[in-house]
Each structure stands twice: as structure tokens, then as C-alpha cells.
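Report on one structure; see the data block that follows.
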Amino acid sequence: MEHLDRKKHWENIYQTKDLKDVSWYQPTPTTSLDFLKQFNISKTSKIIDIGGGDSFFVDHLLDLGYSDITVLDISAVSLDKAKQRLGDLAKKVKWIVADASTFKPTEQYDFWHDRAAFHFLTREQDITSYIDTIQQSIKPKGVLVIGTFSEQGPQKCSGIEIKQYSEVSMTNRLKEFFEKIKCISVDHMTPFNTIQNFIFCSFKKISVS
């Protein structure tokens, strides 16, 4: 799916579906919050949420006192929904409308969070471009957390084919620039009472000698 089509697809999803009517709906993103605690991410850290849309991760970050938050999504409609929900608090967040595969950050981040955006990149050039961007845009001691559908998870989401990952395949995909810290398997219960199995992996940047 080309970039223009991908954007149109997601704008349509967010224009036609309510928050609780999408499979990724998650009032409390427990897994993502657990990674924050595990790595003791300071309240002044620069955090970016890739494919954040109108998810509740940003709400929890604000509640916890984080002060440098960026949310990126290909869909402007999804970000507008999040802004409306947050009200005045939205002014404390940087909002970026961009395709993750072509995004060119203007700053570096301490914590790069991607729940279910990476697996939508199925073309080799998009995957390579995205990984290059992370490598260039995460601080030397920064933490990368990526969650995707596992090999036991769905093969499609919202009508789009995705790329499944295992601990081994994700680690191998990122090994040029990143060293795995740990991976966990997570079952996500959708609003439709179906289970989606995810693999979440955390990484640190490989030091350049």
C-alpha cells in the first residue's frame, strides 16, 4: 500500500469509528507503562509515541508528570480526537502528523515507543528507513520499545496486511544498531472479546567505539 493510500485508509478509519470500536482500544496501556517503570525513565525525558493516534498512553504520561512528550500518527483525525479529549492538557504535547517510514525528527529522544505501528511497515525500503530514523534519533543511552503482532497473532489489522515478528526475527531485524534487552509475549483483549498476541521487545543502542 503506497503512502498516500495508507494515509487515506487511516483517516477514514478514525473518521468512521469510535475509540471503543477499534481493536487496539486499551484504556490502560499496562505493558507500555511497565517498560517506563522498568527503565526508570525520568520525568524530564524526551518521549515519542509512534502511531499513538488517539490512544491513552499520552494521558497516562501526563498524569505521571512527564513534561516532554511527542505523539506521531499518520492520521490527523486521530490526533485531533486525542487533543479534544485532553482539552487544555493537549498544549503540553507536541503533535506530529507523519508517516513513520518517512518521518524525519528534528530532535533526539530518550524513550522511543511504538505499539503496533512498526508491523504495518511491510516494504523493505519502509522498514529500513524507519530503523535508520530510530538509530539517528534516539539518544546514546535511550531505550527503544516496539510491540507488534507475534507469529501467533493476527495477519491483518483494519483490513491491512501486517508483518508478524518473533523475538528472534525482531532482534535480527534491529541487530545492526540495537541490542535486545528483553522481549515479552502479551495477550491483548480487544473490545470484541478476541485475543491478539503481541511480542514486545526493548532495546538499547549499540555503542559505537
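The set of residues in region 87-131 that are in contact (Cβ under 8 Å) with a residue 24 or more places away in the chain and among the charged types (D, E, K, R) comprises LYS92, LYS94, ASP99, LYS104, GLU107, ASP110, ASP114, ARG115, ASP126. For VAL145, the criteria (1) within 17 Å of the chain's Cα centre (by Cα); (2) assigned to a loop (DSSP other than H, G, I, E, B) hold in every case but one, which is (2).
If you check GLU167 against the conditions, is it under 18 Å from GLN38 (Cα atoms), touching a strand residue (DSSP E or B) at 6+ places or on another chain (Cβ under 6 Å) and not aliphatic (A, V, I, L, M)?
no
Does region 148-202 hold any residues that are assigned to a helix (DSSP H, G or I) and either within 17 Å of the chain's Cα centre (by Cα) or more than 20 Å from GLY51 (Cβ to Cβ) (or both), and which are they? Within region 148-202, GLU167, VAL168, MET170, THR171, ASN172, ARG173, LEU174 qualify.
Residues in region 152-174 that are touching a helix residue (DSSP H, G or I) at 6+ places or on another chain (Cβ under 8 Å) and of a type outside the set (A, V, I, L, M, F, W, C) were compared, and the one that is farthest from ILE199 (Cα to Cα) is GLY159. Within region 57-78, the set of residues being of a type in the set (A, V, I, L, M) and at pLDDT below 95 comprises ILE74, ALA76, VAL77. Scanning region 37-56 for residues that are more than 15 Å from GLU107 (Cα to Cα), modelled with pLDDT of 95 or more and touching a Ser or Thr at 6+ places or on another chain (Cβ under 9 Å) returns GLN38, PHE39, LYS43. Residues in region 96-148 that are in contact with a Gly (Cβ under 9 Å, 6 or more places away or on another chain) and either under 26 Å from GLY159 (Cα atoms) or small (Gly, Ala, Ser) (or both): ALA100, HIS113, ASP114, ARG115, ALA116, ALA117, PHE118, HIS119, PHE120.
The values are calculated or read from the model by the stated rules, or taken from the named source; none is laboratory data. Predicted model only: the values in this text are computed from it and were never measured. Because the Cβ atoms are built from the backbone with ideal geometry, glycine has one as well, and the counts that use them run over all protein chains shown.
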